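Right, one structure below, let's go through it.
Every number in this text was worked out from the coordinates using simple rules, so none of it is lab data. The structure presented is a predicted model; accordingly, all values stated were derived computationally and were not measured. In this analysis, Cβ positions are derived from the backbone assuming ideal geometry, glycine residues included, and neighbour counts consider all displayed protein chains.
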Amino acid sequence: MAEPQFRTPKGTHDVLPEDHQYMTYIKKAVRHRCRQAGYRRIDPPIFENRAIFERSIGEHTDIVEKELFLVSGKAAAGQDAEQGVEYALRPELTAGICRSYIEHGMQQLPQPVELYAIGQCFRYDRPQKGRYRQFHQVDLEVIGLKDPSLDAQLIHVCMKILKDLQIADRLTLQLNNIGSADNRRAFTAALKDYFIGKERHLPEIDRRRLQSNPLRLLDSKEHDTQILLKSTPTLDQFIDDASKLYHTTLVEYLEELQIPFTSNAGLVRGLDYYGQTVFEIWDGSSGAQNAVGGGGRYDGLIELLGGSPTPGVGAALGIERMIWHMKQAGIKAPNKDQVDVFVAQLGPDAKKMCLQLISELREYGVHTIGALGEASLKSQMRLADKFGARFTLLLGQMEVKEGKIILRDMAAGRQKSLSFGKAVPEILKLLGSEHLDTYSMTDQLGNVVDSGD
Ligand code: AMP
């Protein structure tokens, strides 16, 4: 095969039909669990004013410093440069949802407002296994109230989704409480003091982090840093009593809900907006590398974005990583693309009759395809085989004359001739009503119902 002239951009991938089966299945689990728990779906735009991300995630985080995908479309730059607006593709969904909460006055709604989103996110990272420049996240947010029971229930919904996908056993929930903003300020000041005169012992990357985002030292992958941290002040020495009580109550609730977790004092999450509860869902064998999800409490975020002080807690799960785990665990997503009937025909009259026949079968919920080209019957039968059709209906010139049609069971290799009018009822009987793909776009009130995206 010739080398294609164009390929997907680096760090992106086509979601091919095989993977869409997984994606659809995951979305279904998410929608189901979120609806049960009262979450409503929201879709913030794919790109936003870049200041929203910079302000909320933090200027000195990897996501903003290195990975923000700036939109430099000519028209956008031309029109909006006058107003000084610059855009970035969303690296996550929380900031956009909080912007939306403020913009649409959702504080007027009964609190908490529970929202979920499913969609693409973008990070201009160096692509590697499980780390893409375009990927999909499931995102859950509970905004407007603060209580450890909300954190526990949010984690519970995430774990239920992972259980539904049969991958929960492969994962561990890592949990920490990083205290209030004051607690973290006191800790990072103490950490900086400790390192005065000792900076040279730190690896270059952490020397920089010590200045810009000292908390990140705690989850540093650098061996030397980890050793040094054993003799530095620790964050838990600075956590106030209210945060400690919050955490022990959350732990009690998680135990009540029988959610196993690992306490992880080094877990800080890479984003500035978190405070108090933070958690990640790790691969049981490889740990923090390629986590499946993460989240935490962000009580200061809405205020940072210009709203009145409003607490919130959220979580994000990475769809590509969930699919990877499902495949590793040998879990097959249901294949709804199975072809039930292939219609083969020969001659202009047969072709015309087949158009109606195909339409009628589809209307009954039978997945039907027909290659209505000019190919010979033999090559059409080969096609039916390649498509994996369960049955083939065959209408040649002779059959048209006799008012008949041939029905072939592809797996059994048996065929029979029946009158044309019997074809549809016979197929329906053979498939069984439970296998028919029927749905109605309108319910009895004429409201459009869920189309299944
Ligand atoms: P984060 O808030 O960065 O922890 O992201 C939440 C989840 O999104 C992660 O646990 C991953 O499952 C997923 N994720 C984040 N970045 C990427 C990426 N570059 N490629 C694929 N999945 C990602």
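Sites listed here are trypsin sites (Lys or Arg not before Pro) in the stretch 162-269 whose DSSP assignment is loop and whose Cβ has at most 16 other Cβ atoms within 10 Å: LYS198, LYS221, LYS230. Between THR248 and GLU402, the FRET efficiency from the beta-carbon distance, with R0 = 60 Å, is close to 0.15. Which of VAL339, SER220, LEU305 sits closest to the plus end of the dipole of the chain, meaning its Cα is farthest towards the positive end, when Lys and Arg get +1 and Asp and Glu get -1 on the C-beta? Among VAL339, SER220, LEU305, the one farthest towards the positive end of the dipole of the chain is VAL339. Computed about its Cα centre, the charge dipole of the stretch 1-147 is approximately 500 debye, with only Lys, Arg, Asp and Glu carrying charge at their Cβ.
Looking at the stretch 341-435 alone, DSSP beta bridges between its own residues are antiparallel in about 55 percent of cases. Between VAL71 and HIS104, the contour length at 0.36 nm per residue exceeds the Cα-Cα span by 9.4 nm. Amide H contacts of VAL343 (H built 1.01 Å from N, in plane; Pro and chain starts excluded): ILE369, GLY370, ALA371, LEU393 sit under 5 Å, all sequence-distant by 5 or more or on other chains.
Placing unit charges on C-beta atoms (Lys and Arg positive, Asp and Glu negative, everything else neutral), compute the dipole magnitude of the chain about its Cα centre in debye, rounded to 20. Intermediate values should be presented prior to the final figure.
Details: 56 positive and 60 negative charges, 310 e Å.
Dipole about the Cα centre, nearest 20: 1480 debye.
I need the Kirkwood Rh of the stretch 341-435: take the reciprocal of the average 1/r across all distinct C-alpha pairs and report it in angstrom. Walk me through the intermediate numbers first.
Numbers: mean 1/r = 0.0765 Å⁻¹.
Answer for the stretch 341-435: a Kirkwood hydrodynamic radius of 13.1 Å.
The order of the peptides 302-308, 367-373, 28-34 by mean Cβ neighbours within 10 Å, most packed first, is 28-34, 367-373, 302-308.
Tell me, what are the semi-axes, in whole angstrom and largest first, of the equivalent ellipsoid of the chain as set by the roots of 5 times the Cα gyration tensor eigenvalues?
Details: eigenvalues 585, 112, 99 Å².
After diagonalising the Cα gyration tensor, the semi-axes are 54, 24, 22 Å.
Taking chymotrypsin sites (Phe, Trp or Tyr not before Pro) in DSSP loop states with no more than 11 other Cβ atoms inside 10 Å as exposed sites, the chain has its longest site-free stretch at 7-438.
Checking every one of the trypsin sites (Lys or Arg not before Pro) in the stretch 312-388 against DSSP loop status and a limit of 16 other Cβ atoms within 10 Å picks out LYS332, LYS336. Dipole size of the stretch 341-435 about its Cα centre, with +1 on Lys/Arg Cβ and -1 on Asp/Glu Cβ: approximately 220 debye, rounded to the nearest 20.
First check a/c for the stretch 10-163, with a ≥ b ≥ c the square roots of the eigenvalues of its C-alpha gyration tensor; if it is under 1.5, answer rounded, and if not, answer prolate when a/b is larger than b/c or oblate otherwise. Taking the square roots of the gyration eigenvalues as a ≥ b ≥ c, the stretch 10-163 is oblate. Here the 3J(HN,Hα) profile of the stretch 51-67, calculated from phi with Karplus coefficients 6.51, -1.76 and 1.60 at θ = phi - 60°, is 4, 4, 6, 4, 6, 7, 6, x, 5, 9, 9, 4, 4, 8, 5, 10, 10 Hz, Gly and Pro shown as x.
I need the Kirkwood Rh of the stretch 211-367: take the reciprocal of the average 1/r across all distinct C-alpha pairs and report it in angstrom.
The Cα-based Kirkwood calculation yields 20.9 Å.
Around ARG269, under 13 Å between beta carbons, what's the net of Lys plus Arg minus Asp minus Glu among the other residues? Net charge in that neighbourhood comes out at -2. Per-residue Karplus couplings for the stretch 8-23, computed as 6.51 cos²θ - 1.76 cosθ + 1.60 with θ equal to phi - 60°, are listed in order as 4, x, 3, x, 10, 8, 6, 8, 6, x, 4, 6, 5, 4, 5, 4 Hz, Gly and Pro entered as x. Rounded to the nearest 500, the helix-only mean residue ellipticity at 222 nm of the chain stands at -11000 deg cm²/dmol, with each DSSP H run of n ≥ 4 adding -39,500 (n - 2.57).
Between amide H atoms placed 1.01 Å from N, distances below 5 Å from ASP240 occur with SER180, all of them 5 or more places distant or on a separate chain.
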